Every structure is written in C-alpha cells, then in structure tokens.
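Only the coordinates and a few stated rules stand behind these numbers; no lab work does. Predicted model only: the values in this text are computed from it and were never measured. In this analysis, Cβ positions are derived from the backbone assuming ideal geometry, glycine residues included, and neighbour counts consider all displayed protein chains.
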Amino acid sequence: MRGETIRKDNAPSVTPNLSDYDRARSAFNWSQARTVLSGLPGGGLNIAHEAVDRHSGPGHGEKIALRCVSRDNAVSTVTYAELARRTARFAHVLRSLRIGRGDRVFTLLGRCPELYTAVLGTLKNTSVLCPLFSAFGPDPVEQRLRLGDARVLVTTAVLYRRKVADRRASLPGLKHVLIVGPGAQELPGTVSFDALMSAAPERFTIPPTSPEDMALLHFTSGTTGTPKGAVHVHEAVVAHHATAAYALDLHPQDVYWCTADPGWVTGMSYGIIAPLVHGLTVVVDEGDYDARRWYRILAEQRVSVWYTAPTALRMLMRTTPREGPYDLPRSYDLSALRFIASVGEPLNPEAVVWGQEVLGLPVHDNWWQTETGCIMIANFAACEIRPGSMGRPLPGVEATVLERGESGRALIADGRVTEVESPDVEGELALRPGWPSMFRGYLHDDERYAASFAGGWYLTGDLVRRDRDGWFWFVGRADDVIKSAGHLVGPFEVESALMEHPAVAEAGVIGRPDPVAGNVVKAFVSLRPGIEPAADLERELLAFARRRLGPAVAPREIAFDQNLPKTRSGKVMRRVLRARELGLPVGDLSSLEGPS
Ligand code: AMP
C-alpha cells in the first residue's frame, strides 16, 4: 500500500487554513504567528490569558468552552466566562497558599472539569503545571512528584488514598494536597479543593508573565535513568495556536474532541491549550474507550474535528470490520465530522484507508514528541495523503535525516553531524531548534539536555526516512523506549520496579509488537538463587508490577530467563532480548558477556 495516495473525494466544507503547502512554508515566520495572539494587557504572554481571559468578555464569553461528558453520560457545560471565573478562583487559592511564580502544581485527576480549572488557574498564577496520568501507579507518581519538586497536588480522595497517602512522608516538599470532591476531612494532611474555591474571589489579574517563564513540566521516559522533566514556557502557546490551525485545520465554528488524556503532552497541548486559544468548544470525555460510547459522542456532540491515536483507531477497526454484518459507525450520524488526525505511534496505512471507507474521511497522521511541545510533521487537510507517512514539516519547522553511527543514533564526529542526501535512506530525525514550544531543558539535568543537540540540530531519537518528495516515514525508535497503546514507557522504570521483588535478580524489558497496541511491555527476569520459575510466581510478579506501576506502565508478559544477555559491564542487552523475541539476527555481540 506504500506509495499509494489517498484521494479526498468528500471536499471539506470549509476552506483549509493551509491550502498551498509550499506557499505557506515560504510565507511563514514565528514572529508573525505571535502577532495573532493578544498578549497580556500590560505586555508579556501568558497561556491562560490566550486560552481563557481574552475570550471571556461580551460576545464570546457565553460560548461553551467545555462540554464535559461524565462516565454516566451526563453532559455539563462551562462557558468561557465561567472558565475565566473558575480559573481566577483557583489562581487566588494558590496565592492564598503562598504558591507563586515557578512553584510546581501537580494534577492527578481524571478528565473532570476541575482538571481544566486547575491547569489554567495554575498558569494564571504564573506557577508551573505538571500533569500526572491518573492510571500511573504509586511508584511513577511518587518519583515524578519528587523529581518535579511538587509543592501542590490536586487530586481526588480515591487517587490520593491509592497512590500517594503511603508515600507522603517521603515527600516533605509537597506542602498542600487539595482534594476534589468529598473526602478531605477523612484524609489527614489534605484540604478540600471545593471549599477553598468557594471562598476565593472570581476576578484575578494575571501578573506580568515573560514568554520565557516556565509554564509546563511534562515527564517523559528515556532508555536509562529516571524520567526526564521536559520544561516548556509560556511562549509555547504561539506554536500551539499556529500548528493547530495548520495540522488540525481548526476553524472558529468547530466542535473539537482530542481523546488524549491531559496527563500526556498531546492532551495538554491539543486537548486543552490549542483549542481554547482558538476559542472553540472542546468536548471532554471522562469515560474510558468504548467503541459505542465514542461513536455516540462523535454523533451527539456533533464533533467536527477529531484528534485521536492509532491504537484507538485500530480498536475501532476491530469492532467494525470493513465488510461486516453489523456496520457500527454507519448507525450513527457522523455528518458533522470533517477532519480526523492522529498521533503518537505509527499509523498503519490500513487505518488511513479504513477512515476513508468507513467514516468517509481519511486519517491525517502527524508526528511530534514531548520535547517538541507541538506538532512538527503532518499530513494536511488540503494535501495529498501518502498512507503510512507522517507527512511533511509544518511551516516554521525545518526537519532533516542524519546519518547514523554504530550506536544506532546520529553519527557525531567533532561535534558535527551529516545530513542524509539521498531519498529513502534511514537515519535519525533531527529538527532545527528555534520554534516557540521547543523544550527549554530537562529539569535538573543540563547534561542530558545538552546531549540532545549536535551540529545545530535537536536529535529526536526516532529513525525515519524521507522520500524524494519530502514526505517523512517513521521507521522506529533509535533507543529502547517503548510505545505501548500510545504511551511512552521507559524500560528502566519497569526493570527497577520488578527488581524490588525479592524473587527477582535482574530484569530486561522490551516492547513486543502487538497488532492493536503497537507494542506490549514484556519483561524477562532472572531469579535469585534457589527460586524456581513457576506460573504462580509469574502471576505474582505481574500483579506486583501492576500495583506499583499502574496499568499504563506495568508489563503484560513476563518470561523467566536465567541467562539474560549482558554486556561485559553487566548491563542487560535489551537489543538482544528484542532480536531473540522476534527471531531476528542479534547483530554484533562483541560486547556480550561470556557465552549466552
Ligand atoms: P511522547 O513524547 O510520549 O509524545 O512520544 C513521542 C514519540 O512517539 C516519538 O518520538 C515517536 O517515537 C512516537 N510518535 C509520535 N508520533 C508518531 C507518529 N505519527 N508515527 C510514529 N511514531 C510517532
């Protein structure tokens, strides 16, 4: 199917924001993109002002900003004016707690309206917001709270009891825990979010904010060591706005639904910030994936632009085979839908075609990562789609392919790198720094940040090839991180948790390819002397890991292996485990320890 293109027979009902790719690229510059935003009345730039306050006056204030669908399908709405009041109250709450500029406020919440209040209220107060995915277990939560210097946590009684209460003593910097909903009275060391909110005034003047002030902290996983806290600043909003116009083709009348959880960067940049900066109505679904639920939301909420993920599309494809006795999507009125995009993992060509045939619209894949803060490469509404390709760089984005060295990453010689000139040659994807939402550092880790750049390029860690017409095709990761169901999992985090179990001597964790989730996390463990592999122990280890790590990170499979392949320095070689698992040649084993 590669090389085919998708014709878009149903012409979009609106004129795309980007109609001529080459012209848009040559005409674009970031300073001009900045002028479309309002800026703070006294100068400066604050994400919450662009997303909420500037839309809250007469004429737009009555427009629905959030349409929240609860787990039991009740729909509640929040207008822009109301969102401005709620976020003002929360900014006051923080101020009353003596939380100010740069202080870290963490959220550990499902997709409830209070999450949106906490995120945008924190930004109003010029504090820094760090979202945690509510399906993380206690280990990832504790680690991120500690690494990120959390001062405030906004969560619910259930999540606090399950994931934080036992670890609170080891987090002395966490001064305030605000409990959304009931339960604060029974939980020592917490206060009621609702009580504080109702006592707070509903007008707040955003303090002066420099575009370079830190706004967001997003943890992401690496191959080794602890998770990395990618730092983003208020200026990122320029890129959120511009890229959403080009890659998601947002128009003022759109009803928009991003299915990503705001615990991850997509759910923050494009689930909260970008659509609100565009002044749209945003659908928020508190529930979990369910094919019928999703089609119903698309139909009943009259969603026009939908941003989702390949795993979700593959799950929908499974419930709705193209030729089937029961054609689920056709039993819903999806006529409002005019644009579909997806991100986070490779989108297989079949999913693009399925969209076209079953939903009447192709899926536009795009590419970016936590560090880039915004979409970098995309298939655009007005342009041809090459199914299986991530598309072409956005206006304002310069991307290239770098020659690889033995490590698998870009070859760096005397600080210099070499661009691949020929088409269709694999190499590491690199981006020219300078776009507004580029991360400004890894928190407390300057060395790691510096190592992400070479020869004037930011090195993404992804392997790609570029065809002769400039379309980029994803090949794989150059490192060992695992993308499972769209979530980035660091193998080191999983290995460390397993090694806490008294039966485990060592562990090596890889992604095993899976037709729906992309990869599932698989762990190979060697046992301590005297302990025998057994089905009971396997179950116990799976449950142990799940309790500590949560379902989004824990391994789905465990294999016992007393001969884990290791380097001479004693590191488990995940590359060899992966090759063995896939029945592929293991490659150069010269660094392997002893015979294996
Ligand atoms: P995260 O930082 O969690 O958003 O994950 C970013 C990583 O997801 C990228 O470095 C890629 O490995 C992967 N990714 C994102 N978008 C795509 C895409 N369209 N195709 C293939 N992989 C993708």
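Summary of values
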| quantity | calculated |
| --- | --- |
| Longest exposed-site-free window of the chain, the sites being trypsin sites (Lys or Arg not before Pro) in a DSSP loop that have at most 12 other C-beta atoms within 10 Å | 323-467 |
| Arg167 paired with Gln562, simple spin-label distance in nm, labels 7 Å along Cα-to-beta-carbon | 3.5 nm |
| Descending semi-axes in whole angstrom, ellipsoid equivalent of region 85-149, from the Cα gyration tensor | 21, 15, 7 |
| In order through region 330-345: 3J(HN,Hα) via Karplus (6.51 cos²θ - 1.76 cosθ + 1.60), integer Hz, x for Gly, Pro | 6, 8, 10, 8, 9, 5, 6, 5, 10, 8, 10, 10, 9, 7, x, 6 |
| Taking the convex hull of Cα positions in region 441-489, its mean projected area over all directions (nm²) | 5.0 nm² |
| Spin-label model distance (nm) - Ser210 vs Trp30, 7 Å beyond Cα toward Cβ | 1.6 nm |
| Isotropically averaged projected area of region 481-582, using the convex hull of Cα atoms (one quarter of hull area), nm² | 6.3 nm² |
| Proxy reagent accessibility, fewest Cβ within 10 Å first, across Phe133, Phe90 | Phe133, Phe90 |
| Separation in nanometres of the label points that stand 7 Å from Cα toward Cβ, at Asp288 and Glu421 | 5.4 nm |
| Whether region 243-287 is rounded, prolate or oblate, judged on the alpha carbon gyration tensor where a/c under 1.5 counts as rounded | oblate |
| Computed E for Glu300/Ala543 - FRET, C-beta separation, R0 41 angstrom, nearest 0.05 | 0.60 |
| Cα gyration tensor shape for region 171-219, rounded if a/c is under 1.5, else prolate or oblate | oblate |
| Projected area, mean over directions - region 79-234, Cα convex hull, nm² | 9.2 nm² |
| Segment Arg71-Ala413, length gained on full extension (0.36 nm per residue, minus Cα span) | 117.7 nm |
| Exposure proxy order (Cβ contacts within 10 Å, fewest to most) of Trp457, Trp306 | Trp457, Trp306 |
| Total formal charge among the other residues, if their Cβ is under 12 angstrom from that of Thr226, Lys/Arg +1 and Asp/Glu -1 | 0 |
| Radius, Kirkwood style, for region 163-306 when every pair of distinct Cα atoms is counted (Å) | 18.5 Å |
| Table column - 3J(HN,Hα) (Hz), region 60-77, Karplus curve with 6.51, -1.76, 1.60, x for Gly and Pro | 10, x, 7, 5, 6, 8, 10, 10, 9, 9, 7, 4, 9, 6, 6, 10, 10, 10 |
| Quotient of C-alpha Rg and 2.2 N^0.38 Å, computed over the chain | 0.95 |
| Rg(Cα)/(2.2 N^0.38 Å) for region 1-136, N = residue count | 1.37 |
| Mean residue ellipticity (222 nm) of the chain, computed from DSSP H runs ≥ 4 via -39,500 (n - 2.57), nearest 500 | -7000 deg cm²/dmol |
| Residue order, fewest to most beta carbons within 10 Å, for Phe136, Phe474 | Phe474, Phe136 |
| Shape category assigned to region 399-479 from the gyration tensor of Cα positions, a/c cut at 1.5 | prolate |
| Dipole magnitude (debye, nearest 20) for the chain, charges at Cβ of Lys, Arg, Asp, Glu | 1140 debye |
| Pair-distance profile P(r), taking every C-alpha pair of region 232-318, with 5 angstrom steps and integer % | 3, 14, 26, 25, 18, 10, 4, 1, 0 |
| Flagged links, alpha-carbon separation over 19 Å, of Lys228/Lys483; Lys175/Lys228; Lys124/Lys228 | Lys175/Lys228; Lys124/Lys228 |
